[in-house]
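The values are calculated or read from the model by the stated rules, or taken from the named source; none is laboratory data. Just so you know, these numbers come straight off a predicted model, no measurement behind them. Neighbour counts run over all protein chains shown; Cβ positions are idealised from the backbone, glycine included. Note: areas computed on protein heavy atoms with side chains; ligands, DNA, RNA excluded. Shrake-Rupley method; radii C 1.70, N 1.55, O 1.52, S 1.80 Å.
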Amino acid sequence: MENAGFCFLEDETIPRDSEFSSPHPEQTVVISSLQAELRRARRRFCAVALSVALLVSLFPGAALAGEDTSADALDVAIKQIPSSADTSLATADTPLVTADVKQILDSVMAYQLSKYTDPVFGTEWTVFGLARGGYLTDGVREQYLKDLVDTIKTGGGVLHTSKYTEYSRVILALSALGVDAQNIGGYDLTEPLAHFDKVVRQGINGPVYALIALDAGGYVIPTIKDTANQATRDRYLEYILGEEIGKGDADAGGFSLSGTTPDPDITAMTLQSLARYYGKGDAEVDGAVDRALAKLSKLQQADGGYSSWGTVNSESASQVMVALNALGIPIDDERFVKSGATVYDALMGFYLGSGADKGGFKHIAAGGVNGMATDQAAYALVSLYRALAGESGLYDMTDVDKGGDGDGKSDGDDGDGDSNGDGDGDDKMPDSDKTPAPPVTPLSLSNMTVRIADVCWTGGDIKSGLAVTATYGSPARTVKLTSADYALAKAGKWYRNIGKAKITVKATGMKYTGSKTVTFRIVPKKATISKSTPGKKSVKAVWKKADAGQRITGYQLQYRSKDAKKWSKEKNVSKEGRSYTIKNLAKGKRYYVRVRAYKKVGGVKYCGPWSAAKLSKGVR
């Protein structure tokens, strides 16, 4: 958020004191109550006016007849918006879909298009919101991509040397456009996110947006030579969960850039990154999400909004709304309704519904239109509309056309002035020292390095749900194969026991041909630590027993102090063991503990994934 304590995805974290002072607390309560009643009256009116909205939707060209159209640029922008009003979703129970959210969204996007005259690198949130809402024009798309490619090539693939959220932001924009971030202007923009140490140097913002960006595009994290700092999704999750405020305490919950007070913006952004992992059987993730939601409910004000760094602002409301939508939580969930007002109601308190800036949003109620506030409100409204309409989530790009540039133009025309997709401004074939563009003709799996990631034991046959990747080209480029790209085949019985497995991957789609026989590993299931209890210069870890069907050999345990980066050497525990006491620890320090199961087969040790790390309280 801007002007309230930190700039969105920036390094600045010092609060600013130049904002307008808040009204007296008693005045706030009275004003909030009146605003809530007005909102309820407005919604009752919307229900009555629904029939009118249905008629208007049949004649979209006349819908703006009564509006102030004095601004020529705004008129042009409104005419450019695709006609996409869908009144079939409107009922008396859900008037927000067409009578409220869609109407407001059209207005906001018209404002965005009228003001967005210079689509360049650094304006990714505007591009992202327009694209995910279906409002992006070909002209804006082409101008943005051309400037981005120029910027990437001028900097030799470097967008910033310390703020790695720059890469995450651009990757999100490209994914929304259907453009491969691993092959843009001859560079792989996901490669910087493979450097764990550099991403987390920015604080929790770094791994939060790295995870969102990588997951949104379904990208495989590239392998780097610096193995000690190789990033993985599990490693990012572990870092994020370790930043929970008061972790391990009774009042734990929420996240912040710094300090011990949960911040609604950072908490909401963190929830957005954890949403894909919630409810998937990871108790550590589920607990952190539930506690964060409880904190957000507690932090919500009487008008449904939020205050960050002492300032009630629109960006906080936008981020919370995106988080709720990502988690599938209705806006009117009873935990997030205060005095009859939702976070959507609070956000609309910053909306400019008339005048030259109609369609924009303010940062604070007493201020004027604000670009960052409008960007965040725009994609928050897109998120809400997609949730109400039953569409894929804001950061779920499975609905995006990736069969080219996604703009109806010939494949390879990515707005950089050429038509071959290599971003060098000409129509010649890409130079041999650049990453090859996606092939026009199918690639043969027989000529590619095909890998299957370790698969955890399930107790059943392993014949689906595998993570399959293929590497080709020089320099090497790795792509993730989808279920539409291949089928699995095996002579005889399918594998189900822990150990080495071999299976044939056969191409079935239009992108690939041929087949490849691949060896992979079936490993024990992910372990779960249930307790991490401090004692006198010690910590006792207790974990759940592995399923008997795995027939494991034993467990391995590691630990480290909260402020340390490296884990201890593995401690081996027998298969009968379900606890281990770590001794000779420093008094007053808190320690992370993690455990994994392993099994020896033919002299080879097959280790399962590490459990989520459990943080103890201070050692006595």
Practice task
Within region 219-239, track down each residue that is part of a helix (DSSP H, G or I) and among the aliphatic types (A, V, I, L, M).
Solution key: A228, L237
Exercise for the section: Looking only at region 247-285, count how many residues are loosely packed, with under 14 Cβ neighbours inside 10 Å, of a type outside the set (S, T, Y) and more than 21 Å from the chain's Cα centre (by Cα). Expected result: 4
Exercise for the section: Can you confirm whether region 294-304 contains a residue that is at pLDDT below 95, small (G, A, S) and under 24 Å from P207 (Cα atoms)? Expected result: no
Practice task
Enumerate the pairs (first residue in region 100-123 and open to solvent by 40 Å² or more (accessible area, probe 1.4 Å); second residue anywhere and in a helix (DSSP H, G or I)) with beta-carbon separation below 7 Å, excluding pairs fewer than 6 apart on the same chain, so at least 6 apart or on different chains.
Solution key: F121/D147; F121/L148; F121/T151
Problem - region 451-463 residues that are surrounded by fewer than 17 Cβ atoms within 10 Å (Cβ to Cβ), paired with ones that are modelled with pLDDT under 90 (beta carbon under 7 Å, 6 or more apart) - result: A453/A467; D461/W494; K463/W494
Fill in the blank from the handout: The condition from (1) acidic (D, E); (2) open to solvent by less than 50 Å² (accessible area, probe 1.4 Å); (3) at pLDDT 80 or above that D413 misses is numbered (3)
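Residue under question is A612, and the condition is that it be within 26 Å of A228 (Cα to Cα), without any contact (Cβ under 8 Å) to a residue 60 or more places away in the chain, part of a loop (DSSP other than H, G, I, E, B) and touching a strand residue (DSSP E or B) at 6+ places or on another chain (Cβ under 9 Å); does it hold?
no
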Problem - Residue that is in contact (Cβ under 8 Å) with a residue 40 or more places away in the chain, touching a helix residue (DSSP H, G or I) at 6+ places or on another chain (Cβ under 9 Å) and either more than 23 Å from L172 (Cα to Cα) or not β-branched (V, I, T) (or both), where the choices are G248, G242, G254 - result: G254
Exercise for the section: Return the only residue of L113, L145, L211 being more than 30 Å from A356 (Cα to Cα), aliphatic (A, V, I, L, M) and either assigned to a helix (DSSP H, G or I) or more than 15 Å from the chain's Cα centre (by Cα) (or both). Expected result: L211
Problem - Considering residues of region 454-481 that are in a loop (DSSP other than H, G, I, E, B) and within 19 Å of A507 (Cβ to Cβ) only, the residue modelled with the lowest pLDDT - result: G473
Handout entry: strands (runs of 3 or more DSSP E) completely within region 482-573 that count 2 or more residues being small (G, A, S) and within 23 Å of V619 (Cβ to Cβ)
Key = 529-535, 538-543
Exercise for the section: State whether the residues of region 208-231 include one that is among the basic types (K, R), closer than 15 Å to K565 by Cα and modelled with pLDDT under 95. Expected result: no
Exercise for the section: Can you tell me which residue within region 583-609, out of those that are in contact with a helix residue (DSSP H, G or I) (Cβ under 9 Å, 6 or more places away or on another chain) and assigned to a strand (DSSP E or B), is farthest from A548 (Cα to Cα)? Expected result: Y592
Practice task
Of the numbered conditions (1) over 28 Å from G186 (Cα atoms); (2) in contact (Cβ under 8 Å) with a residue 60 or more places away in the chain; (3) open to solvent by 20 Å² or more (accessible area, probe 1.4 Å), I498 fails exactly one; give the number of that condition.
Solution key: (3)
Exercise for the section: State whether one or more residues within region 357-374 are part of a helix (DSSP H, G or I), in contact (Cβ under 8 Å) with a residue 12 or more places away in the chain and crowded, with 24+ Cβ neighbours inside 10 Å. Expected result: yes
Practice task
May I ask you to verify whether I212 is touching a Lys or Arg at 6+ places or on another chain (Cβ under 8 Å) and more than 25 Å from S532 (Cβ to Cβ)?
Solution key: no
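Hey, does region 170-188 have a residue that's assigned to a helix (DSSP H, G or I), of a type in the set (D, E, K, R) and either touching a residue at least 12 places away in the same chain (Cβ under 8 Å) or in contact with a strand residue (DSSP E or B) (Cβ under 8 Å, 6 or more places away or on another chain) (or both)? Spell out the reasoning first.
Taking region 170-188 and keeping what is assigned to a helix (DSSP H, G or I), we get 170-177.
Add one more test, that the residue is of a type in the set (D, E, K, R), and what stays is none.
For region 170-188, residues assigned to a helix (DSSP H, G or I), of a type in the set (D, E, K, R) and either touching a residue at least 12 places away in the same chain (Cβ under 8 Å) or in contact with a strand residue (DSSP E or B) (Cβ under 8 Å, 6 or more places away or on another chain) (or both): absent.
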Fill in the blank from the handout: Only one of V505, V518, V523, V539 is over 30 Å from T398 (Cα atoms) and either modelled with pLDDT of 95 or more or open to solvent by less than 20 Å² (accessible area, probe 1.4 Å) (or both), namely V539
Problem - Looking only at region 549-566, and only at residues there that are basic (K, R) and free of Cβ contacts under 8 Å to residues at least 60 places away in the same chain, the one that is nearest to Y598 (Cα to Cα) - result: R551
